[in-house]
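Here's the structure, in structure tokens; my notes come after.
Only the coordinates and a few stated rules stand behind these numbers; no lab work does. These figures come from a predicted structure and were not determined experimentally. Backbone-built Cβ (ideal geometry, glycine too); neighbour counts: all protein chains shown.
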Amino acid sequence: MNQPTVVITHHAVSNFNHTVEDVDQWHKARWPECKSELGYWVGYNYVIEADGKVTQTRKHTEEVAHTIGMNNKSIGVCFMGNFDTHQPTPNQISAWGKLYGDLRKQYPDIPTLPHRAYANKSCHGSLLANDFFQIAYQRITLIDRLNKLIALLTRLLTQRRMK
Ligand SMILES: [Zn+2]
């Protein structure tokens, strides 16, 4: 049983062309008995590929396998790539913004932290600050609100002109 209190972000330490199927093979080899209710061996709840494709691999209520000590109180999100050597893709960041926004609706104001907050490793990548994905989400939310405001103002101005 898993009761999420935090969203923990990881990088796969892989190439950008690796996919959720690769992670599934890697985890199946290590933990053959840990098949999820959704049919994956992936220990995370979500995988975000380089093109922004998001796959849910484990239900939120299932015990997860991604962060020692947190596997019954967290949601794990893994980005394909290696953020010790390069940045996430813009598609990964916008996919994250939507996913984290959805999770925050289900678990109001659930925080997000990198794997390294709980373990002596660089995960989610030494190039990214601890609050990288928190700030990315806030930026996306702000841009979204500004776009809605601009659309509203444009509509109001157009209506005035038509009178
Ligand atoms: Zn990790």
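Please go through the range 1-33 and pick out each residue that is within 16 Å of the ligand (Cβ to nearest atom) and assigned to a loop (DSSP other than H, G, I, E, B).
Correct list: 6, 12, 13, 14, 18, 31.
Look at the range 76-104 and say how many of its residues are more than 16 Å from the ligand (Cβ to nearest atom) and either over 17 Å from residue 57 (Cβ atoms) or not small (Gly, Ala, Ser) (or both).
Counting residues in the range 76-104 that are more than 16 Å from the ligand (Cβ to nearest atom) and either over 17 Å from residue 57 (Cβ atoms) or not small (Gly, Ala, Ser) (or both) gives 15.
Among the candidates 88, 108, single out the residue that is of a type outside the set (Val, Ile, Thr), more than 17 Å from residue 20 (Cβ to Cβ) and in a loop (DSSP other than H, G, I, E, B).
Just a single option satisfies the conditions, and that option is 108.
Quick test of your reading of the structure: residue 64 fulfils all but one of (1) out of contact with any Leu (no Cβ under 8 Å at 6 or more places or on another chain); (2) free of Cβ contacts under 8 Å to residues at least 40 places away in the same chain; (3) under 24 Å from residue 34 (Cα atoms); (4) surrounded by 14 or more Cβ atoms within 10 Å (Cβ to Cβ). Name the failing condition by number.
(2) is the only condition that residue 64 fails.
Kindly check whether there is at least one residue in the range 130-152 that is in a loop (DSSP other than H, G, I, E, B), surrounded by 10 or more Cβ atoms within 10 Å (Cβ to Cβ) and either without any contact (Cβ under 8 Å) to a residue 12 or more places away in the chain or out of contact with any Asp or Glu (no Cβ under 8 Å at 6 or more places or on another chain) (or both).
yes
Note down all Cβ pairs under 6 Å where the first residue falls in the range 16-30 and is under 21 Å from residue 88 (Cα atoms), the second is of a type in the set (A, V, I, L, M, F, W, C) and surrounded by 18 or more Cβ atoms within 10 Å (Cβ to Cβ), and they're at least six residues apart or on different chains.
Pairs that qualify, where the first residue is under 21 Å from residue 88 (Cα atoms) and the partner is of a type in the set (A, V, I, L, M, F, W, C) and surrounded by 18 or more Cβ atoms within 10 Å (Cβ to Cβ), are 16/50; 18/80; 20/47; 23/42; 23/47; 24/41; 24/42.
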